[in-house]
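Written below as structure tokens is the structure these notes are about.
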Amino acid sequence: MRSDSHKGGFDLGGIGKGWCIDQLATAYKDICGYQEFLINGGGDMYATEQTGKPYTVTLTHPTQPDQYIGTVDLYHAGFAASSPFVRSWVDKKTGQRNNHLLSEQAVASYVVAPSCTEADVWATTLALAPHTEPKPHSTLLIDGKKAVHQSPLFSLFT
């Protein structure tokens, strides 16, 4: 038996949406026979192709949602982004800013991977631990106003 001082939590938010999108993509391919589609699950995505060409996704700025920072092409791949800025709030009692990641990191991450589940897991992981190496996935990490890591797949506006 463990004591109350060892309580912990397990949050499937880092994989749940990605996994659901992958299941839907499998159904589209195997059951419906669709070859070309884009599934957008609120920012986590899976894309096949558009007449042999990739889907181009525009990347939202992590702290200014009405601005865009660049694009990434998706071709039979999953995509996810994670940021402590998107779902954050100020505690009325303490005045402290909190976020859904429960992290003090100020890094936004964007990840392209073979599946949406992998992209979802890595986007959350990199937002929490930006020095982690997610090889072989393509990644973009934004710290403040600058890219601290950028895979060639990502095109940033200048």
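For this structure, a couple of remarks:
- Residues that are surrounded by fewer than 16 Cβ atoms within 10 Å (Cβ to Cβ) and either at pLDDT 60 or above or among the small types (G, A, S) (or both) within segment 1-18 comprise S3, S5, G8, G9, G13, G16, listed in sequence order.
- Figure legend. Inter-residue proximity from segment 1-28: first residues within 18 Å of V112 (Cβ to Cβ) and part of a loop (DSSP other than H, G, I, E, B), second residues modelled with pLDDT under 95 and not hydrophobic (A, V, I, L, M, F, W, C), beta-carbon distance below 7 Å, spacing 6+ or different chains. Indicated pairs: I15/T117; I15/D120.
- For segment 33-69, filtering for residues that are in contact with a Ser or Thr (Cβ under 7 Å, 6 or more places away or on another chain) and more than 15 Å from A123 (Cβ to Cβ) leaves 6.
- Hits in segment 59-72 - residues which are at pLDDT 90 or above and open to solvent by 10 Å² or more (accessible area, probe 1.4 Å): T71
- The set of residues from segment 42-54 being open to solvent by less than 40 Å² (accessible area, probe 1.4 Å) and more than 17 Å from K29 (Cα to Cα) comprises G43, D44.
- Evaluation of Y75 against (1) open to solvent by less than 80 Å² (accessible area, probe 1.4 Å); (2) closer than 21 Å to P152 by Cα; (3) touching a residue at least 12 places away in the same chain (Cβ under 8 Å) (one fails), failing number: (1)
The values are calculated or read from the model by the stated rules, or taken from the named source; none is laboratory data. Note that the structure is a prediction, hence the values are computed from the model and not measured. Positions of Cβ are generated from backbone atoms using ideal geometry, with glycine treated the same way; all protein chains shown enter the neighbour counts. Only protein heavy atoms, including side chains, enter the accessible area calculation; ligands, DNA and RNA are left aside. Shrake-Rupley method; radii C 1.70, N 1.55, O 1.52, S 1.80 Å.
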